[in-house]
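Below: one structure, written as C-alpha cells.
The values are calculated or read from the model by the stated rules, or taken from the named source; none is laboratory data. These numbers come from a predicted model, not from an experiment. Cβ placement follows ideal geometry from the backbone for every residue including glycine, while neighbour counts extend to all protein chains displayed. Surface accessibility is based on the protein's heavy atoms, side chains included, excluding ligands, DNA and RNA. Shrake-Rupley method; radii C 1.70, N 1.55, O 1.52, S 1.80 Å.
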2 protein chains.
Amino acid sequence: MIISTNKRLSNFKLLPIALSILPFTATANSNVVHDAEYYILEAQNGKVWEVEDKDLDAKLAELAEEYGTPPNIVHFMWDDQPMGAIGVPAIQQSRGYDTPNLNQMADEGMLFSRMYTEPSCTPTRAAALTGQHPIRNGMYRVGFPVEYHGISEESVTTANILSDAGYATGFFGKAHLGDIEESYMHNQGFDVAFAAIYNQVASIWNEQGESANATIGFKDSVLAPDPYHLDDTYMSDDIVLFYEGHKGQQAKEWCGVSLDCYNQFDQEAERRALDFIETNAAAKQPFYVAWWPQWVSFIPEQQKSSRQRGIVGDAYQNNLDPSAGALMDTLKKAGIEENTLVIAMADNGPMTHNPPAGLGMGEGLFRGGKGDFTEGGVRVTAQAWWPGMIEPGQTVGDIIHVTDLYTTFARLGNATENIPDDRVIDGIDQTSLLINGDTHGRRDYVHIYSGDKLGATVKKHYKMHWINTDPTAASGIGSTYYDLLNDPREQSPLLVNMVMHGNSFARMRERHEMMMEKYPNKKAGQGPAYTGMELLNPDTKEISEPLIFIE
Amino acid sequence: MIISTNKRLSNFKLLPIALSILPFTATANSNVVHDAEYYILEAQNGKVWEVEDKDLDAKLAELAEEYGTPPNIVHFMWDDQPMGAIGVPAIQQSRGYDTPNLNQMADEGMLFSRMYTEPSCTPTRAAALTGQHPIRNGMYRVGFPVEYHGISEESVTTANILSDAGYATGFFGKAHLGDIEESYMHNQGFDVAFAAIYNQVASIWNEQGESANATIGFKDSVLAPDPYHLDDTYMSDDIVLFYEGHKGQQAKEWCGVSLDCYNQFDQEAERRALDFIETNAAAKQPFYVAWWPQWVSFIPEQQKSSRQRGIVGDAYQNNLDPSAGALMDTLKKAGIEENTLVIAMADNGPMTHNPPAGLGMGEGLFRGGKGDFTEGGVRVTAQAWWPGMIEPGQTVGDIIHVTDLYTTFARLGNATENIPDDRVIDGIDQTSLLINGDTHGRRDYVHIYSGDKLGATVKKHYKMHWINTDPTAASGIGSTYYDLLNDPREQSPLLVNMVMHGNSFARMRERHEMMMEKYPNKKAGQGPAYTGMELLNPDTKEISEPLIFIE
C-alpha cells in the first residue's frame, strides 16, 4: 500500500498521534485497500486487533473442525425500516405491530443500535455486494424502468469472492441492481438467482394500482387521453420485473408483470431460498445466501392483521416475520444453526416518513427517512444471530456500515485474499464485533452520500452535515455540526463545539477525497436492457434498446 | 351513583351498545365515583372484570397468608423522562447512558409503553396522591417560591387511605406540592416526611447557579444594580427548600438553601427511605413509601460518567440507577421482594426537549416534553416490579394513567373503602393489568389537561387535540385528530378519519364535562407559607405572609 510512507501520510494531513506511531502494523486485511480513515484507526489500534484476530482465528478454526466447513452466511434484508423497528417491544407496542420471530432472533443474538446503510435501496444493495460506497462504482441512483443501467461486470461481489472460496451462492428476492445483462445476479457471482429487477412500485404498475393510487399516472390504458402527448417512450408497459438464472446460463423472465406475479414472488423466493439451504446443508457444502424479500405491496390486503393497519405493520406480521421464523426453523432442522451467521436488517430508513401518507411507515427515534442523510435515512434496524458464537441478549453501540458485511463475510469464508486490491474497499472486517461484542467494533466513522454528493460524515457520536439546509445555522465553514447523543434528531446545530471539532472533520473529508483521487470512481454498467434473457412478452424487445446512448 | 338511571345516561349521550346492556354491573370499586368514561367501559366489560377480580382476590389472599400482611408498595418516581428512557437498551445506546439496575428491574417486571401522567411535576404528583386530574383540586400549576398555595387539607391522599388501612406511610424526596402548612407531606397522611418543597431549580438558587447560568437572574447579590427596581417582593432569598416532619407534629426546616444542602438531600432521602423499609419489614408492618428523588442538579458534576455527558445521562448513572439497585437489594435482604410492588417511573416528559439547551434532556419517540399535551409531554418511562406476582419480561400496550396508582394501591392495601365518595376519582383499579398482563388494562382513554384547559383526549390509539395550534389543519370542529400508531409525533392531522371519529370524541368530552358539573372542581389550599415549621433562618418569617390575599 502506497499509504505506508511518511511522505504520503503527510499529504493526508494525518493527526499527529497517527504520524508518531508509524509504520502501520500489518493486519489480516493487509491486501485490502481501505479508505484513509481506516488507516488512522489501524495505526492506533492495530496491535490490539492483531491479538484479537489470532484469538478469532482459533475460534473459527475450532468451529470449522466441528462442522467440516467454514460458516454459512445468510443475509436477510428488507426495505425501509429505522433502528428500533425490530427487537424493541416498547417501540413495536407504540407502532402497533409485533414480530415474535424476529424479536426472538434479536433476543438470542446481537442488536445493532448503529447499523448504517446508504440512504436508499439500490445504493445499499450495491454497497452490500461490493463493499464500496456506491459513489465508487456508479450505483448511487435508485433504479426505475427502463434503466439501461446496472451493477458493472467489473464489480467483484460477495458472491464472486465466496464462490472462489468454495461457497455455494444463491440470490433470492429483490435485487434492484440493474436491468442490463451484466447486472443479473447470476452474472454477478451467484450460482443461482431468482430476482426482482426493480422495487415495490412494481406492485402498482398495473390497472389495480392505477385505480388504487390516483396520483401514479403511468398506466396509459386507464388514464384519460392526454391531448398534449408527444413522447411514447416516457413510460412503457413492456417491462420485465422478475427473472431466474444459473451462473453461465441465459436468464429467463419469470411469471410476468401482473399483480398476481408480484404477490407470488416472495413466496416463491422463500421456497427457493429454503430449498437451497436444505440442499447445501445436506451436502455439507458451505453456502452464502442473499435473501432480500420484497416484503410489502403498495396494494395492501383488505383484511388487516396488525393493530397499526398500515402496510408496514401488516407486512411484518404477514410476510416478513413468518419468513424469519421459517429461516430459523430450517437452519435448526438441518442442525447448522450454530454454523450459520444470519444478518437480518433493513436497507435504509422509512420511505414515506411523513404520515398520514404511507400509513405505517414512519420515523423512529431519528429524523428523516429514505433518501435523507440524517440518521433517519441511514440508521436501520439490524441484528445478527449465530447461536454459540454470538453472545445472546446484546445491544451494541459500535458503528457498523453495510459495506462491512462484504469484508466480514470474506473473513468468515476465508475469502479475504479474493478481495480485489485495485480499488478502495470501504468495508471493514467486523468479525471481532460479532464475536467479542460491544466496544469491539473497528469503525468510529461513516461517510454518508446523498446520491453522488457527500451529505454528511459521522465520527464517534458527532456528525457534520456537509450539505447545510438551514441558512440560519451559520457555522463558519458552511456546514452544520450535531451531537447525536444529545440531539438525535439533528435539529440544533452546535456552533461553539464546531469551533473545536470542525477541523477534525475537515481533515477526515480531505483524506477521504485524496484517496478518491488516487482511486478514481468508476461508472456503473450501461447498455441495452433485458438482453441475455428469454422474454415472455415479445413487445418487451422493442424497448430493450435505449433510443439514444451517449458514451 | 346517580349515573345508573336511564334518564341520566341518555343525557350523557352514551353509545347505543352501552344503553342496550344496562343496568351497570357492580364491581369491587362500586363506592368510588368514577369519571363518566369508566362507566361506558364497565357497562361493556364489567362481567368479565368481576370474574377476573374474584381470581385476583384469591391470589392476593394467598400472598397475604404467606407473608402475614398485605403487599408493601413503593412508588419510586423521578422527573422528566419519556417512554423508552429505561429498559430499552437500543434507546439508551442511542442516547449514551446505561442504567443496569433499572433495566434489570424492567426485565424482571412489566414495562409500560403507555403510562400517561399529567404534563408537569406538581400536577402529576398531586394526581398520584389524590387519584384525580389536578383540575379537580386546583393543583395544576407548577410550584415556585413563594407560592402561598398547596395541596388542600380536603385531599384524601394515598397515604391517608393506606394509613387508615393499617399501613406505615413514608414520604422521602421531592414533594413539590405546596409551601403552606396543610400541604406538608406529614399533614397529608404520611407518618414521616422528608421533603423538598420546590423543584430542581433550587440547585441554581444560589451564587454558584447565578454564575453558571447567566440567564436565571434572581440572586440580586451578584447581579448588577437595576436602576429601574421598584418591587422588593418579586423574588426573595429567604425561602425554605426542605423540611422533615412526623404526623401530628410541627415540621422542621432541614439544612438550608445552600447548594451543599441541595446536593446532600437525595442521599439523606435514600438513607431514610431504606431505613424506613428495613424497620417496617423487620416489624412485619405493611408499608407504603413514596420515594421521589430530586435526581438531577442543574449544576452538573465536572467529571462526567456517561458518554452523553449531559445532566440526564450522568444523573441516571450517578444518582438514580444506584438508588434503584439499593432499593431492590434492601427488599431482597429483608426477604419481602415478592410481597412488595415497586412502581418506578418519571413524572412527565423531558423538560428542555430542544437541544442543545438542557444537554441530555430530549424527546424520545414522541413530540414535545414537559408542559405539552402531545405524547412527549405525558407518556413517560414507567415499569412495575413484583417478583412472583408480575410475569417478567413483559412490555404492555394498555393505557395506564398516574391516577390509577391511587385506586390500584388502594385495592392492593384493602383500602378501597377508604376512598371518599364525594368527588370524582379519575383513577381506575389496574390490578388486573399488573397481575394478568397485556390487554388486561381497564382503561382505553385518557384526558390530558394543559394547566386548567383540556388540551387533548386519547381514546384507543386515536387522539384529539382540543387546543389546535395549527391554523392550516382545518377539521370541521376546530380540533385536530391523530392516529398515534401511524403518527406518533402528532404532526399530520387526519381530516377524513375525523369525519367518522370526531363525534365519538365530542361525546366523550361532553360526558366528562357533565360529570364535572355534577362534581364541581375545588381550589387548592392557600394561605401563609412556611407556618407550622421550625425555621432555620429568622428572615424567612418576613415573607411567610402574602402581601395581598384575595379570597
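Considering only residues of region A:166-195 that are of a type outside the set (Phe, Trp, Tyr), part of a strand (DSSP E or B) and touching a helix residue (DSSP H, G or I) at 6+ places or on another chain (Cβ under 6 Å), which is surrounded by the fewest Cβ atoms within 10 Å (Cβ to Cβ)? Can you show your working first?
Within region A:166-195, the subset of a type outside the set (Phe, Trp, Tyr) is A:166, A:168-170, A:173-183, A:185-189, A:191-193, A:195.
If we keep only those that are part of a strand (DSSP E or B) as well, we get A:168-170, A:173-174, A:178, A:180, A:192-193, A:195.
From what is left, the residues that are touching a helix residue (DSSP H, G or I) at 6+ places or on another chain (Cβ under 6 Å) are A:168-170, A:173, A:193, A:195.
On the way: A:168: 20, A:169: 28, A:170: 26, A:173: 28, A:193: 26, A:195: 27.
By that ranking, first place goes to A:168.
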For residue B:370, work out the one condition from (1) surrounded by 19 or more Cβ atoms within 10 Å (Cβ to Cβ); (2) at pLDDT 95 or above; (3) in the same structural domain as residue B:155 (by TED's automatic domain parsing) it doesn't fulfil. (2)
Take the conditions of a type in the set (Phe, Trp, Tyr), surrounded by 24 or more Cβ atoms within 10 Å (Cβ to Cβ) and either in the same structural domain as residue B:274 (by TED's automatic domain parsing) or modelled with pLDDT of 95 or more (or both) and apply them to residue B:116. Does it pass? yes
Checking residue A:418 against (1) open to solvent by 10 Å² or more (accessible area, probe 1.4 Å); (2) free of Cβ contacts under 8 Å to residues at least 60 places away in the same chain, only one condition comes out false. Which one? (2)
When you go through (1) surrounded by fewer than 20 Cβ atoms within 10 Å (Cβ to Cβ); (2) away from every other protein chain (no Cβ under 14 Å) one by one for residue A:391, which number turns out not to apply? (2)
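If you go through region A:394-417 one residue at a time, how many are more than 13 Å from the chain's Cα centre (by Cα) and either within 14 Å of chain B (Cβ to nearest Cβ) or assigned to a loop (DSSP other than H, G, I, E, B) (or both)?
First, pick out the residues of region A:394-417 that are more than 13 Å from the chain's Cα centre (by Cα): A:394-399, A:407-417.
Checking which are either within 14 Å of chain B (Cβ to nearest Cβ) or assigned to a loop (DSSP other than H, G, I, E, B) (or both) leaves us with A:394-399, A:413-415.
Number of matching residues: 9.
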Taking region A:216-250 as the region of interest, how many residues are surrounded by 12 or more Cβ atoms within 10 Å (Cβ to Cβ), touching a Gly at 6+ places or on another chain (Cβ under 8 Å) and free of Cβ contacts under 8 Å to residues at least 40 places away in the same chain? 2
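Looking for something farther than 23 Å from residue B:489 by Cα, within 14 Å of chain B (Cβ to nearest Cβ) and open to solvent by 10 Å² or more (accessible area, probe 1.4 Å) - is there at least one such residue anywhere in region A:344-359? So that I can check it myself, show each step before the final result.
Let us first name the residues in region A:344-359 that are farther than 23 Å from residue B:489 by Cα, namely A:344-345, A:347.
Remaining after also requiring within 14 Å of chain B (Cβ to nearest Cβ): A:345.
When the remaining residues are screened for being open to solvent by 10 Å² or more (accessible area, probe 1.4 Å), the result is none.
Scanning region A:344-359, I find no residue that is farther than 23 Å from residue B:489 by Cα, within 14 Å of chain B (Cβ to nearest Cβ) and open to solvent by 10 Å² or more (accessible area, probe 1.4 Å), so the answer is no.
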Identify, by number, the condition in (1) open to solvent by 10 Å² or more (accessible area, probe 1.4 Å); (2) within 15 Å of residue B:380 (Cβ to Cβ) that residue B:128 doesn't meet. (1)
State the number of residues belonging to region B:90-113 that are more than 14 Å from chain A (Cβ to nearest Cβ), open to solvent by 10 Å² or more (accessible area, probe 1.4 Å) and not polar (S, T, N, Q). 0
Within region A:38-84, restricting attention to residues that are open to solvent by 40 Å² or more (accessible area, probe 1.4 Å) and of a type in the set (A, V, I, L, M), which residue is farthest from residue A:436 (Cα to Cα)? A:61
Looking at region B:258-291, which of the residues that are in a helix (DSSP H, G or I) and small (Gly, Ala, Ser) is surrounded by the most Cβ atoms within 10 Å (Cβ to Cβ)? B:273
Qualifying residues in region A:513-551 (those that are touching a Ser or Thr at 6+ places or on another chain (Cβ under 9 Å) and closer than 30 Å to residue A:444 by Cα) - the one least open to solvent (accessible area, probe 1.4 Å): A:524
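Somewhere in region A:495-512, is a residue within 23 Å of the chain's Cα centre (by Cα), within 14 Å of chain B (Cβ to nearest Cβ) and buried (at least 21 other Cβ atoms within 10 Å of the Cβ)?
Restricting attention to region A:495-512, the residues satisfying the condition of being within 23 Å of the chain's Cα centre (by Cα) are A:509, A:512.
Those left that are additionally within 14 Å of chain B (Cβ to nearest Cβ): none.
For region A:495-512, residues within 23 Å of the chain's Cα centre (by Cα), within 14 Å of chain B (Cβ to nearest Cβ) and buried (at least 21 other Cβ atoms within 10 Å of the Cβ): absent.
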Quick check on this structure: which one of B:285, B:317 is of a type in the set (S, T, N, Q) and away from chain A (no Cβ under 14 Å)? B:285
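Among the residues of region A:324-335, which ones are buried (at least 23 other Cβ atoms within 10 Å of the Cβ) and under 22 Å from the mean Cα position of the chain (by Cα)?
Let us first name the residues in region A:324-335 that are buried (at least 23 other Cβ atoms within 10 Å of the Cβ), namely A:324, A:327, A:331.
Across region A:324-335, the qualifying residues are A:324, A:327.
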Which residues, counting only those in region B:292-314, are within 14 Å of chain A (Cβ to nearest Cβ) and either of a type in the set (Ser, Thr, Tyr) or assigned to a helix (DSSP H, G or I) (or both)? B:305, B:306, B:311, B:312, B:313, B:314
